[in-house]
Amino acid sequence: MREYKNLSHIFEPVFDENSKVLILGTFPSVKSRENHFYYGHPQNRFWRILTALTEDILPDTVDQKKAFLLRNHIAIWDVIASCDIVGSSDSSIKNVIPVDISVILDYAPIKQIYANGQKAYQLYQKYLYEKAGRDIAQLPSSSPANASYRLENLLENWKDINNYI
C-alpha cells in the first residue's frame, strides 16, 4: 500500500487582467509535479480539449501553455493549496488547506468558474464557495482516470466555455 504524503501546491495560478474563465482542478498529479505545470500527464486531455474548442495550436512547453491560456482568456488553478494524498489519487485527498481564490477573483474579470471533475467541484463547494460567493459549473474530468468519456464526449460537455472566452 502506498503511503500518504503531505504536499503543498508548487505552481502559481495562471491568469491576467483579461481572464474571463477560471478552470479549477483539485491538486497537481505526480506527472504534473514532475513536469512543473498543470495537466502534465501525457494522457490527460485538458490541453487537447481546450485547443479543439479554441481552434488554437496545441502548446507543448510550459511557456507555450501559459501563453495559450492568457491568449484565450482562460485562468487555471487548483482548489487545494496543500493536502495529504497518495500518489495522484483524488479519492485519497485529506487534510485539505484550500487556496485563497480571491487572488484571482479580486483581479480578473472572471465570468464563469468551472470545476475539472467531480472532486474539484465537491472541494470548491466545501472549501471555497462561501468565501468566493460564486457558483461553479462541473465539467467531466479531463483525467485519463475518467476513461468512460471519450474526447468527443468531453468536447461536447466542455463547449460551454466558448460562451465566456
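Here, each number is a calculation from the coordinates, and none is a lab measurement. These figures come from a predicted structure and were not determined experimentally. Counting neighbours? That spans all protein chains shown, and the Cβs are built from the backbone with ideal geometry, glycine included.
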Checklist entry - Using modelled backbone amide H atoms (1.01 Å from N, in-plane), which distant-in-sequence or interchain residues come within less than 5 Å of Ala115's amide H? => result Leu24, Ala137, Gln138, Leu139
Checklist entry - Considering amide H positions built from the backbone, and no H for Pro or chain starts, which residues 5 or more places from Val79, or on another chain, come under 5 Å of its amide H? => result Gly25, Thr26
Item to check | Dipole moment magnitude, nearest 20 debye, the chain about Cα centre, only Lys, Arg, Asp, Glu C-beta charged | outcome: 340 debye
Item to check | Residue-by-residue Karplus 3J(HN,Hα) for segment 59-65, coefficients 6.51, -1.76, 1.60, Hz, glycine and proline x | outcome: x, 10, 8, 4, 4, 5, 5
Item to check | Karplus (6.51, -1.76, 1.60) ³J(HN,Hα), θ = phi - 60°, over segment 44-56, in Hz, Gly and Pro reported as x | outcome: 5, 8, 3, 5, 5, 4, 5, 5, 5, 5, 8, 6, 10
Item to check | Spin-label pair Lys131/Glu12, simplified geometry with 7 Å Cα→Cβ offset, distance in nm | outcome: 1.9 nm
Checklist entry - Fewest first, what order do Leu128, Leu22, Leu7, Leu105 take by the number of other Cβ atoms within 10 Å? => result Leu7, Leu105, Leu128, Leu22
Next on the checklist: How far apart, in nanometres, would the label points at Leu151 and Asp56 be if each is projected 7 angstrom from Cα along the Cα-to-Cβ direction?
Outcome noted: 1.8 nm
Next on the checklist: Can you classify the chain as rounded, prolate or oblate using the Cα gyration tensor, where a ≥ b ≥ c are the square roots of its eigenvalues, rounded means a/c under 1.5, and otherwise it's prolate if a/b beats b/c and oblate if not?
Outcome noted: rounded
Next on the checklist: Counting only pairs 8 or more residues apart or on different chains, how many lysine pairs in the chain have their Cα atoms under 17 Å apart?
Outcome noted: 11
Next on the checklist: Placing +1 on the Cβ of each Lys and Arg and -1 on the Cβ of each Asp and Glu in the chain, which of Leu128, Val96, Ser148 has its Cα farthest towards the positive end of the resulting dipole?
Outcome noted: Ser148
Checklist entry - Given R₀ = 22 Å, FRET efficiency for Glu3-Asn35 by Cβ-Cβ distance, to 0.05? => result 0.45
Next on the checklist: At 222 nm, what value in deg cm²/dmol follows for the chain if DSSP H runs of at least 4 each add -39500 (n - 2.57) and the sum is divided by all its residues, to the nearest 500?
Outcome noted: -7000 deg cm²/dmol
